[in-house]
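Below is one structure, written out as structure tokens; the observations come after it.
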Amino acid sequence: MPAGTGAWVVLPTYNEVDNLRSIAAAILETLPGSTLLVVDDSSPDGTGAIAEELAQADPRVRVHHRPGKQGLGRAYLDGFGVALEGGAAAVIQMDADWSHDPAALPALIGPVRDGTADLVIGSRYARGGAVLDWGLGRRIISRGGSLFARTVLGLRPRDLTGGFKAWRAVTLQAIPFDGIHAGGYVFQIEMTHRASRAGARIVEVPITFRDRRVGQSKMSRRIVMEALVVVCQLRLEEWRARLARRGRRSAGGR
């Protein structure tokens, strides 16, 4: 059976015309039995047209066009929905800019395949993981964001801001997408948080993360601020829900 059979790889794109052909070929070579779903946000550089060309040439490639740029998190959620409707047994999420190495895909999906994990995080900060080509400022933001989220939300994974993950399909199906706050990079934190609270078995496998080969990073100050706000909001919601449950128990005991 070809590697990756039953797996869908969700690949959001926005202005990735210089990367899409090569990254798609590498993904399908590494997981020949998988389905590659390109989720394009109407890229003005023609990325969507290239995705259609790839789909016409290879039945393993599918394309989901969105009307405009609505945030990475929303792109992933739309892609997850298409994959689940298509019968995916496992769903992999990754970036199109070569920061996530397709060679790591078998290790990423392995624990889902063998039944030992429901969510696998490709971790830059687990033992054996690494980050290349980043300056000090970007490293501080990434590590600091993960540490902040781990502390506030009480989560165990060391890399909460990374987007290289493999999901068991039933785990994704159990997460109500309508309740997701985040549209940007904090989406990664929020999804891991919700999976953890739902009892998912989460493991990390080390990866080497490289800065994007071509194009510009989409990180911004607004994205960082959104992460801080949403993490605090998630914690506040948990406190409120806990107080409400206590109130109901107290009322029932009278």
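The values are calculated or read from the model by the stated rules, or taken from the named source; none is laboratory data. Computed from a predicted model, the values in this text were never measured in an experiment. No Cβ is skipped: glycine too gets one built from the backbone with ideal geometry, and neighbour counts run over all protein chains shown.
A few comments on the model shown:
- Residues of the range 172-190 that turn out to be surrounded by fewer than 21 Cβ atoms within 10 Å (Cβ to Cβ) and not in a loop (DSSP other than H, G, I, E, B), as a count: 4
- Yes/no for P111 being surrounded by 14 or more Cβ atoms within 10 Å (Cβ to Cβ), in a helix (DSSP H, G or I) and in contact (Cβ under 8 Å) with a residue 60 or more places away in the chain: yes
- Residue pairs whose Cβ atoms lie under 9 Å apart, separated by 6 or more positions or on different chains, with the first residue in the range 232-254 and within 20 Å of S146 (Cβ to Cβ) and the second at pLDDT 70 or above and among the small types (G, A, S), are L234/A149; R235/G154.
- Here V214, V203 are screened, and the one residue that is closer than 22 Å to P102 by Cα and modelled with pLDDT of 85 or more is V203.
- Condition broken by H65, with the remaining ones in (1) at pLDDT 95 or above; (2) under 22 Å from Y185 (Cβ atoms); (3) touching an Asp or Glu at 6+ places or on another chain (Cβ under 6 Å) satisfied: (2)
- Subset of the range 114-170 that is of a type in the set (V, I, T), buried (at least 17 other Cβ atoms within 10 Å of the Cβ) and at pLDDT 95 or above - its residue that is nearest to D95 (Cα to Cα): I121
- In the range 15-37, residue nearest to P106 (Cα to Cα) [restricted to those that are in contact (Cβ under 8 Å) with a residue 40 or more places away in the chain and β-branched (V, I, T)]: T30
- Within the range 17-42, the residues that satisfy the criterion of being among the hydroxyl-bearing types (S, T, Y) and either outside any loop (DSSP other than H, G, I, E, B) or on the phi > 0 side of the Ramachandran plot (or both) are S22, T30, T35, S42.
- When the residues of the range 20-53 are filtered to those that are among the aliphatic types (A, V, I, L, M) and surrounded by fewer than 20 Cβ atoms within 10 Å (Cβ to Cβ), the one that is nearest to R210 (Cα to Cα) is A26.
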